[in-house]
Amino acid sequence: MPPSQTPHKILLSESDQPTRWYNVLHDLPTPPPPVLHPGTGQPVGPEDLAPLFPMDLILQEVSGEQYVEIPGEVLDVYRLWRPSPLFRATRLEQALGTPARIYYKYEGVSPAGSHKPNTAVPQAYYNAKAGIKKLTTETGAGQWGTALAFACAQYDLECEVWQVRASYDQKPYRKTMIETFGGTVHPSPSDLTNAGRTILAQDPHSTGSLGIAISEAVEMAAGDPGTNYALGSVLNHVLMHQTVIGEEALLQLAMVGETPDLLVGCTGGGSNFGGLAFPFLRERWAGTMSPTIRAVEPASCPSLTQGTYAYDFGDTLGMTPLMKMHTLGHDFVPDPIHAGGLRYHGMSPLISHLYATGELEAVAKKQSECFAAGVLFARTEGILPAPEPTHALAAAVEEALACKESGEEKVILTALCGHGHLDLAAYDAYLRGDLVDHTWDDVELQQAVAAALERLPVVSG
Ligand SMILES: *Cc1c(COP(=O)(O)O)cnc(C)c1O
């Protein structure tokens, strides 16, 4: 069909819903470096992870199978909102006057309003199946805590969430939503854990970070055999669960006869980006298409573009195994920007490996440019995006405007990974002109990163 006649909304029927997750590990041209035990410097084994995760998820973390079947009990819950719609952003294209065609896969239709339930649901399912009674976790913007609380409610699990202090104060309605789904929430750092008390002793007014909240949630889970920990991003199994986004998008683009030239996605820990990109990478490796794939990160937390590729802890207190990733240093505390979901010091080892091997590109964007794109998107497409995907939208707009200059009819695909209905305080700040890009200037940021990188763990062996 001619591109001008592409329908605005491209829907996949339930019977065409993908029934397996894609495991990119199987197809990687070179294997990623192993995860190391912090004490011994040796690769971790399944037994090292068993205090925190159920065996089904540990096996998925290291699986070499190309596909993993999605359990029927998980598909049943997915069907509450999946398959999600793919939209062509025709009204945004018109406003930009671009010959580019922009498509967005909308994950805001989920119970939490973001892509996070795609992994929260299977994680809760496998934990319940293993006889676990309670899950602990961290949350940045509150999206992951909401998703996990919802997922736990599906399988009769308790859910306890440590929410980064900055967003706990900025986004009080996230707490209400988590509690409505049956979870409990604490601001982090809290005085409930050794990790939290350590940080509060150093800085009683700490605004927190994802790394600190992870330390608190891990500590609580490690101390109780009936309690496990769930991570909302970064890990291989999380990115694998998110591939339902890319698999559906592939089918939907095929329905309208399109192949993308460019994929853009926002990256906090890398899960919505990986979930969108991995099935397209598989196609690129198979030679069926050749899209450029670009990660977009916040300028104030630029792990890919300004971090270093090294072994580091996943949390601030140094309780997790060591992962080789692009990192700003585990005790780097980013500016309290509104895109709380992108405030993580590290990057998924899979995304880091693909970036280091030249399979992916990365750019960093300041939040004022992102909110400008978010507002334009809201006014044209009618969806108010979460602050995180406005980073991807800013990059899509940038590319679409470049196409206007060059006359190229590029096909751009992005994941609109969440709506921003609980982020209105951030929009309010932007609309009133109160939004600052950084509290640090570029030099101060580089100095803070350099200082944090000096405290990277020394890896023996
Ligand atoms: C959590 C979150 C992110 C960041 O996490 P990724 O793992 O990088 O996807 C981005 N957008 C939204 C809406 C989120 O909830």
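The values are calculated or read from the model by the stated rules, or taken from the named source; none is laboratory data. Treat the numbers as computed from the prediction; the structure is a model and nothing was measured. Methodologically, a virtual Cβ is constructed for each residue, glycine included, from the backbone with ideal geometry; neighbour enumeration extends over all protein chains shown. For the accessible areas, the whole protein counts, side chains as well, though only heavy atoms, and no ligand, DNA or RNA atoms are used. Shrake-Rupley method; radii C 1.70, N 1.55, O 1.52, S 1.80 Å.
Remarks
- The shape of the stretch 116-235 can be summarised by an equivalent ellipsoid whose semi-axes, obtained from the alpha carbon gyration tensor, come to 22, 16, 11 Å from longest to shortest.
- Label point at residue 285 placed 7 Å out along Cα→Cβ; residues across the stretch 30-59 whose backbone nitrogen lies under 12 Å: 30-32
- Sulfur and carbon atoms: percent of accessible area, the chain [1.4 Å]: 52
- Our compactness index for the chain, the C-alpha radius of gyration over the empirical 2.2 N^0.38 Å, is 0.91.
- Sequence-distant lysines (8 or more away, or on other chains) whose Cα lies within less than 27 Å of residue 133: 116, 175
- Straight-distance crosslink candidates among lysines, where the alpha carbon sits under 30 Å from residue 404 and sequence neighbours closer than 8 are dropped: 9, 105, 365, 366
- Size descriptors for the stretch 1-81, from the alpha-carbon set: Rg then Dmax equal 18.9, 60 Å.
- Mean accessible surface per residue for the chain, computed with a 1.4 Å probe while every protein chain stays in place, in Å²: 36
- Annotation: cysteines of the chain without a disulfide-compatible partner (Cβ-Cβ under 4.7 angstrom) are 266, 301, 370, 403, 417.
- Surface calculation, 1.4 Å probe, protein heavy atoms: residue 294 sits at approximately 40 Å² accessible.
- Shape call, the stretch 288-353: gyration tensor on alpha carbons, a/c limit 1.5: oblate
- Straight-distance candidates among the aspartates and glutamates for linking to residue 171, with alpha-carbon spacing under 14 Å and chain neighbours fewer than 8 residues away dropped: 179, 423, 428.
- Each peptide in 223-231, 112-120, 343-351, 90-98 gets a packing score, the mean of other Cβ atoms within 10 Å over its residues, and the list from highest to lowest is 112-120, 343-351, 223-231, 90-98.
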